[in-house]
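All remarks here apply to the structure that follows.
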Amino acid sequence: MIKNIDFRICFSVMTILTVLVGLFQSWGIALSMLNLCLISAVMAMGVNIQWGFAGLINFGVMGFLAIGGLATVLVSVPPVHEAWSAGGIGILISGLFLAAVVISVFMINKKLSKHKYKNYFVFLIIILSIPLLKFIAGPSISKIESINAATSGFLGGANLPIIFSWFVGAILSALVAFVVGKVCLGLRSDYLAISTLLVSGIIITIVKHEEWLSRGVKNVIGLKRPVPYEVNLQESEWFINLVQFFNSSKLSNVLDPEAKISLLNQLVISSSGVFVKLCFSLIFLVVVFVILYFSEKALNSPWGRMMRAIRDNEEAARAMGKNVVKQHLFIFMLGSAIIGFAGAMLVTYDGLFTPSSYQPLRYTFLIWVMVLLGGTGNNYGAVLGGFVVWFIWIQSAPFAMVVINVFTGHLDETSYIKEHLQNSVPYFRYLMMGLGLLLVMRYRPEGLLPEKIIKN
């Protein structure tokens, strides 16, 4: 058993594997996989900050990712003026009413903290506010959703550059984490885990069914990009000249002018997709390096040592005068903000917002596997876990198909066994994921890159 693994070796291996995918499959697939690995690394770092730094269990990762995705709609989509004219005022009034309810609840908790009927007052306000909110917002929502329901049927957004939504997603996620933390962080860790799971379900329900806000299951397509569009590149003279320059030897072998033009067009089309993915890769790499840099700075600072002391022994930390709940709330908000940031990155890369795609397996379980496999409490481990898990998740199906073809090559194409195995390929990723996790937990329970013990 290898006791010590250098992170440079791990990332070198992942780099080689990515290059091999580009050489033997396609560079488009390799770059697309790289981009998803980078986004997953950001997600894993957010969870690692909560669990690895402070021991907080957040099973609501999916909900915070959805908040980040919703932010891309609210920020980048042009406003639907007809919808605003029909019911915008009612929605604004409803928002003010909801804000007044939230402020009232917090004021009661603060002013009547020792009153024996405090909880009854809070419960009464919440119960009464639900039908009132429905009464105020209901007619406006119906009017908004009836405006060009097939193409819009929602209020739209602010028509700003989509890159701003990444920061808005982080802020909105932090605000939701603040509310959840104020209620749940004083409870036991298992109660916190259940609470975050329930909150995640509520958020997903809202984005699925509140069509006036996010179009619900109708999806929002054609979101803006921070990088060029493939069609625009294909019509750009500089890009055509660039493709021609890098493929000059291949084009020189074609003598027929029409065939050469046809080949050049094919190369321009395929290269435009690769170029766009490469632009995304550069942006995502900058994000990962920036978050990793500041996470490492925080981890190795006195604050980071304090958080790990609280994680390891809360009672001792309280005895030393540390406000455990306050620090937990801060780090819970920080981790959730990073997760929301990653959620906005993912929707930006996909170019569409699909609320129905948020499933616990992919957007909660896999993220936790990344953290556990990479090594909790280690920022490099979280990044490595994001790369390893997502690589296995994507490449397990092609690998399974190769293995099946090798062992069933002698069988007839109509063979039931061969057909059954080929139809079972999509499920092979679950087998690979479970097997990989079992092996790591058996031979390296602390993860591939364990937490480093800092000696004062």
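Below are the figures for this structure:
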{"item": "Under the Karplus curve 6.51 cos²θ - 1.76 cosθ + 1.60, θ = phi - 60°, whole-Hz ³J(HN,Hα) for the range 248-254, x wherever Gly or Pro sits", "result": "4, 5, 5, 6, 5, 7, 9"}
{"item": "Three-way shape call for the range 80-155 based on the alpha-carbon gyration tensor, with the a/c threshold at 1.5", "result": "prolate"}
{"item": "The range 59-164: trypsin sites (Lys or Arg not before Pro) in DSSP coil with no more than 15 other Cβ atoms inside 10 Å", "result": "114, 116"}
{"item": "Segment residue 190-residue 402, extension gain: residue separation times 0.36 nm, minus the distance between their alpha carbons", "result": "72.1 nm"}
{"item": "Over 21 Å between alpha carbons, listed pairs 114/322; 134/218; 182/322", "result": "114/322; 134/218"}
{"item": "Farthest toward positive dipole pole in the chain [+1 Lys/Arg, -1 Asp/Glu at C-beta], among 395, 99, 212", "result": "99"}
{"item": "Degrees separating the helix 257-299 axis from the principal Cα axis of the chain, which is the longest one", "result": "40 degrees"}
{"item": "Label of the coordinate-derived value, log10 I(q)/I(0) by the Debye sum over Cα atoms at q = 0.10, 0.12 Å⁻¹, listed as (i) -0.80, -0.99; (ii) -0.71, -1.05; (iii) -0.87, -1.16", "result": "(iii)"}
{"item": "Folded to 0 to 90 degrees: helix 118-145 orientation relative to the chain principal axis, Cα", "result": "50 degrees"}
{"item": "Full-extension gain in nm, residue 423 to residue 263, via 0.36 nm per residue minus C-alpha separation", "result": "54.0 nm"}
{"item": "Fewest-first sequence of 435, 185, 65 by Cβ atoms within 10 Å of each Cβ", "result": "435, 185, 65"}
{"item": "3J(HN,Hα) from dihedral phi, the range 216-232, Karplus parametrisation 6.51/-1.76/1.60, rounded to Hz, x for glycine, proline", "result": "x, 6, 6, 6, 10, 10, x, 5, 5, 10, x, 10, x, 8, 4, 4, 5"}
{"item": "Positive dipole terminus of the range 42-194, leading residue within 50, 172, 138 (C-beta point charges)", "result": "50"}
{"item": "Dipole in debye (nearest 20) - the chain, about Cα centre, beta carbon charges: Lys, Arg +1; Asp, Glu -1", "result": "2020 debye"}
{"item": "Net lengthening on full extension, residue 23/residue 438 (0.36 nm per residue, minus Cα-Cα)", "result": "146.3 nm"}
{"item": "Which of 109, 253, 14, positive extreme of dipole for the chain (C-beta unit charges)", "result": "109"}
{"item": "Share of Cα-Cα pairs in the range 335-456 lying beyond 17 Å, as whole percent", "result": "66 percent"}
{"item": "Shape call, the range 170-209: gyration tensor on alpha carbons, a/c limit 1.5", "result": "oblate"}
{"item": "Relative contact order of the range 50-188, pairs being alpha-carbon contacts under 8 Å that are 6 or more residues apart, as %", "result": "46 percent"}
{"item": "Charge dipole (debye, nearest 20) of the range 284-406; +1 at Cβ of Lys and Arg, -1 at Cβ of Asp and Glu", "result": "320 debye"}
{"item": "Using alpha-carbon coordinates, inclination of helix 324-350 to the longest axis of the chain, degrees", "result": "40 degrees"}
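Here, each number is a calculation from the coordinates, and none is a lab measurement. Remember, predicted model here, so these are calculated numbers, not experimental data. Positions of Cβ are generated from backbone atoms using ideal geometry, with glycine treated the same way; all protein chains shown enter the neighbour counts.
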